[in-house]
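Just so you know, all these numbers are worked out from the coordinates, no wet-lab data involved. The structure displayed is predicted, hence computed values, not measured ones. Please note: Cβ atoms are built from the backbone with ideal geometry, for glycine as well, and neighbour counts cover all protein chains shown.
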Amino acid sequence: MNRVLVALALLVSTAAFAQNRTYTIAEDGKSHASFESAATLENIKGTTPKVIGTIVADPANPTASSVDLTIDMTSIDTGISMRNEHLRSERYLAAERFPTATFKSVGVTAPVKTVAANQAVTISVTGDMTMHGVTKRITVPVRIVVIPESELTKTSHGPGDWIHATTEFSVKLTDFGIAVPEKMLMKVSNDIAIKLDVFAAAKQ
């Protein structure tokens, strides 16, 4: 009898886990976006915890997943206030006119048919990235881990099932209409490395 009850419990939990669900990326300090630019004297790094959005996913059908992400460009911090002001100015990001950068997926490819719980899988996500008022379609690698609720996750992150997603890719500033300053003591690279590290929760 006990074996039957255990089997039924596993069946119910598996069915609940394998379904199309919306996971929310909240502005709660768990997620962040960052960039790094090679300059003449030192690499310039900036980061912001102000990342919000949604991931719609079914671990049993990863190619049907989608993501909608928004990053607050006005809050990017490089650690130096004067440099922050320059970064957000009209000469660079024009953050007052374009306060957010967004990414909306249009397709996903995966090396597996099913994403197992607590097992990392790298998928490819194609979508439209908008920054500085310009939209470009890009494809990026995304490492995902689907994390079912447990006593440990409830204590460390909060209730509900979780998705942890990370990605790193590069874009050219000029592709997004951002002029690269030429007459600066520290010449900035046109290529910017972007990193995203997000946690998204689906409440029970």
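The table below lists the values:
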{"read-out": "Total residues in region 25-64, condition hydroxyl-bearing (Ser, Thr, Tyr), surrounded by 14 or more Cβ atoms within 10 Å (Cβ to Cβ) and not in a loop (DSSP other than H, G, I, E, B)", "value": "5"}
{"read-out": "Which listed residue is acidic (Asp, Glu) and over 16 Å from Ala201 (Cα atoms), from Asp77, Asp68", "value": "Asp77"}
{"read-out": "Residues that are within 21 Å of Pro62 (Cα to Cα) and among the polar types (S, T, N, Q), drawn from region 130-169", "value": "Thr139, Thr166, Thr167"}
